[in-house]
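Here's the structure, in structure tokens; my notes come after.
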Amino acid sequence: MSLGSWISAFPLFQYGNELIQRGLYEVLATGTLPQHIGFIMDGNRRYAKERQVEVKEGHTSGFESLLELLDILYRIKIPMITVYAFSVENFHRPPHEVQAIMELVQRSVVQLCQLGDFADQYDVQVRILGDRSLIPPLVDAAIETAVQRTIKNKTAVLNICFAYTARLDIALSMRSIVKESKEGRFKSPITQQTIEQHMFSKGDPPVDILIRSSGAQRLSDFLLWECNDDTLIAFVDCYWPMFTGFQLFKILLRWSLLYSTKIKRKLIYSDQN
Amino acid sequence: MTFTANASRAILVLLHWIVYLHDTYLSVKWLVISWILGTAYSLNEDSELVRADASKLRKKPRHLSVILQYTNTSGVEALIEDTVNVVCWSIAAGLNRLTVYERTGILKEDCDLLQKILNNRLQSYMSAEFCTEVKLYVPHTGRSIGPESGFLVSLISEEDGKETIVDLTKSFCEMSAKDQLNDQDITVEMVDSHLQKLVVPEPDLLIVTGKDSYLYGYPPWQLRVCEIYFTNKSSPLDYVSFLKGCINYSGANITLGR
């Protein structure tokens with residue numbers, strides 16, 4: 001054990017750490033905050049491999065890490081968070097791992113939505129985005145019952161992308177538009193908004209920040225349509241379970257700086273005209 | 001720990017300044033480095049150097065794409081200069097094709113001029129045995145200039161992104177109205193094959209110029225798993241950034257969900 005990790009294991013140190021972090025986020029909240037943040041939680045398996053523990057444990061610590069971050073974000077009242085839990089491509093993984101992730105997601109969603117637990121504490125509505133027909137029926141049913149319990153919550157939203165890929169999302173949106181137009185349900189011409197209204201994320205505010213852990217610099221078929229313009233992309237070079245509140249803070253701070261300069265620039269521009 | 005609202009606000013402004021000064025320090029440092037490098041090497045005239053660098057890469061992107069920024073102050077000339085540079089480096093590095101994205105579409109307005117400048121530069125840049133010609137292609141209009149065998153350079157802009165997906169949806173609707181298409185036939189593969197023809201296939205590596213990490217309206221469908229490299233510099237695309245992007249790519253290991 002290194003000296004740093006020995007010191008950081010002291011309760012007093014952890015307490016102080018938490019206080020500073022909480023203070024920093026309070027400071028951040030005095031400025032403009034993003035309305036929607038996306039997370040690609042990558043690196044759970046490599047984290048497990050490095051620590052020589054089971055892959056399942058990697059995913060579990062990934063979930064714990066997510067809970068910590070959600071706790072921070074919902075406390076400063078960020079209304080919408082979208083996380084990438086399971087891609088359509090992930091079905092190609094070894095069956096036992098697919099099953100393990102399915103179980104974990106099911107357990108996590110149920111836990112999140114349970115009465116008096118996370119979802120109720122912050123009044124969060126949990127939604128599942130993805131092609132539900134690909135999810136095993138038993139898992140789907142369990143998730144559905146859990147999610148239904150949070151439907152009345154209005155303060156914030158947690159989107160869990162499960163059996164999701166962005167390309168599938170766009171293609172399915174096109175498909176339902178074609179179907180509706182065939183039935184003669186369209187009065188106005190088709191625009192980008194029409195496609196957005198038929199996507200899984202319909203009605204959500206634009207994604208302000210997309211964060212991907214584990215150093216990979218790809219979107220991996222996540223929120224392609226939503227992130228191609230005004231979204232700050234942040235690739236972080238650490239495994240998801242090691243992604244801390246401080247790292248998140250740095251990204252949010254940069255976004256808030258960019259946002260405030262953008263607003264100022266817009267004001268100057270409109271003055272000139 | 002509680003702060004009064006004013007104190008918190010002041011601290012936030014202070015933190016913003018720290019980030020801002022840090023960024024300024026980095027860009028000044030970069031300017032100095034690139035000035036020193038620029039005096040030491042004249043990269044724009046030396047294709048051998050690029051070839052030597054590329055030969056050290058473990059894996060090269062076959063299809064490279066770059067996002068270039070148009071500004072009123074530097075004008076189209078700067079954009080053309082950037083394009084010509086990146087075409088030269090790509091050919092010298094032995095890549096297969098290049099797609100240049102520029103949001104406004106001003107770059108693809110005068111292809112003939114671009115082609116002329118490109119050919120002139122290539123003649124002086126490449127050694128005789130490697131001299132290649134370039135085929136410029138504008139997917140949106142379907143126009144192409146240059147020989148069929150030339151190095152393929154596609155020029156795209158914002159209209160090739162979401163707008164093209166909207167247009168494709170419209171034509172699907174028309175086909176469906178005439179009973180030429182069943183809505184169930186619309187799958188990811190089917191849409192992909194159309195968009196590959198209408199725009200470009202997905203690139204392997206995307207190098208994004210510009211100070212901040214945004215994607216500037218790049219066609220979303222083509223972003224699926226391509227490696228993205230942000231130069232985080234507002235200055236034009238320089239060789240070091242190009243090389244860094246390629247090095248990043250050669251170290252990337254795409255697992256595709258597995």
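Each value in this text was obtained by applying a stated rule to the coordinates, not by laboratory testing. As the structure is a prediction and not an experimental result, all values here were calculated from the model. Please note: Cβ atoms are built from the backbone with ideal geometry, for glycine as well, and neighbour counts cover all protein chains shown.
Note on B:Thr39 and A:Tyr15: the model spin-label points, each 7 Å out from Cα along the C-beta direction, lie 5.8 nm apart.
Remark: spin-label model distance A:Tyr259-B:Asn182 equals 4.8 nm, labels positioned 7 Å along the Cα→Cβ axis. Looking at the stretch B:46-166 alone, DSSP beta bridges between its own residues are antiparallel in about 15 percent of cases.
DSSP finds beta bridges in chain B, and of those with both partners inside it, around 15 percent are antiparallel. Rounded to the nearest 20 debye, the dipole size of the stretch A:55-148 about its Cα centre is 140 debye, using +1 on the Cβ of Lys and Arg and -1 on the Cβ of Asp and Glu. Charge tally around B:Tyr214: other residues with Cβ under 9 Å, Lys/Arg +1 each, Asp/Glu -1 each, net -3.
The stretch between A:Glu68 and A:Arg107, if pulled fully straight at 0.36 nm per residue, gains 12.3 nm over its current Cα-Cα span. Annotation note: GluC sites (Glu not before Pro) in the stretch B:98-194 located in DSSP loop regions with a Cβ neighbour count of at most 10 within 10 Å are B:Glu148. Its DSSP H runs of at least 4 residues, each contributing -39,500 (n - 2.57), put the calculated 222 nm mean residue ellipticity of chain B at -15500 deg cm²/dmol, to the nearest 500. Hey, if you put +1 on the Cβ of every Lys and Arg and -1 on every Asp and Glu Cβ in the protein assembly as shown, which of A:Trp255, B:Val191, A:Leu69 ends up farthest toward the positive end of that dipole? Result: A:Leu69, furthest along the dipole toward the positive end. Within the same chain, lysines fewer than 8 places from A:Lys264 are excluded, and of the rest, those with a Cα less than 25 Å from its Cα are A:Lys77, A:Lys250, B:Lys211, B:Lys233.
What size of dipole, in debye to the nearest 20, comes out for the protein assembly as shown about its Cα centre when the only charges are +1 on Lys and Arg C-beta atoms and -1 on Asp and Glu C-beta atoms?
So the magnitude is around 700 debye.
A crude spin-label estimate for the pair B:Leu113 and A:Gln121, with each label 7 Å from Cα along the Cβ direction, gives 6.2 nm. So for the protein assembly as shown: antiparallel DSSP bridges make up what percent, rounded to the nearest 5? Bridges in the protein assembly as shown are about 10 percent antiparallel.
For chain B, the membrane-span-like helix rule (DSSP H, alpha carbon extent of at least 24 Å along the helix axis, mean Kyte-Doolittle at least 0.5) picks out B:5-40, B:75-93; this says nothing about an actual membrane.
Find out how many positive minus negative residues lie around A:Pro241, taking Lys and Arg as positive, Asp and Glu as negative, among other residues whose Cβ is under 11 Å from that of A:Pro241.
Once all neighbours under 11 Å are counted, the net charge is -2.
Do any GluC sites (Glu not before Pro) in the stretch A:174-273 lie in a DSSP loop with no more than 13 other beta carbon atoms within 10 Å, and if so, which?
Those satisfying the criteria are A:Glu183.
For B:Lys197, the aspartates and glutamates whose Cα comes closer than 13 Å to its Cα, not counting residues fewer than 8 places off in the same chain, are B:Asp160, B:Glu189.
Among rounded, prolate and oblate, which fits chain A when a ≥ b ≥ c are the square roots of the eigenvalues of its C-alpha gyration tensor, a/c under 1.5 means rounded, and a/b larger than b/c means prolate? Since a/c reaches 1.5 but b/c is at least a/b, the shape of chain A is classed as oblate.
Shielding value for A:258-265 is 2, the average number of Cβ atoms from other chains within 10 Å of each residue's Cβ. To the nearest Å, what is the center-to-center distance of the stretch A:158-227 and the stretch A:60-126, using C-alpha atoms only? Using only Cα atoms to place each centre, the spacing works out to 20 Å. Ignoring lysines fewer than eight residues from A:Lys187 along the same chain, the ones with Cα atoms less than 28 angstrom from its Cα are A:Lys179, A:Lys202, B:Lys162, B:Lys170, B:Lys178.
Projecting the Cα atoms of A:Thr60, A:Val105, A:Phe13 onto the dipole axis of chain A, where Lys and Arg carry +1 and Asp and Glu carry -1 at the beta carbon, places A:Val105 farthest toward the positive end.
Would you mind checking which residues have amide H under 5 Å from A:Val236's amide H? H placed 1.01 Å from N; only 5 or more apart, or other chain. It is A:Arg212, A:Ser213, A:Ser214, A:Gly215, by chain and number.
The stretch B:217-238 and the stretch B:113-191 have Cα centres spaced 18 Å apart.
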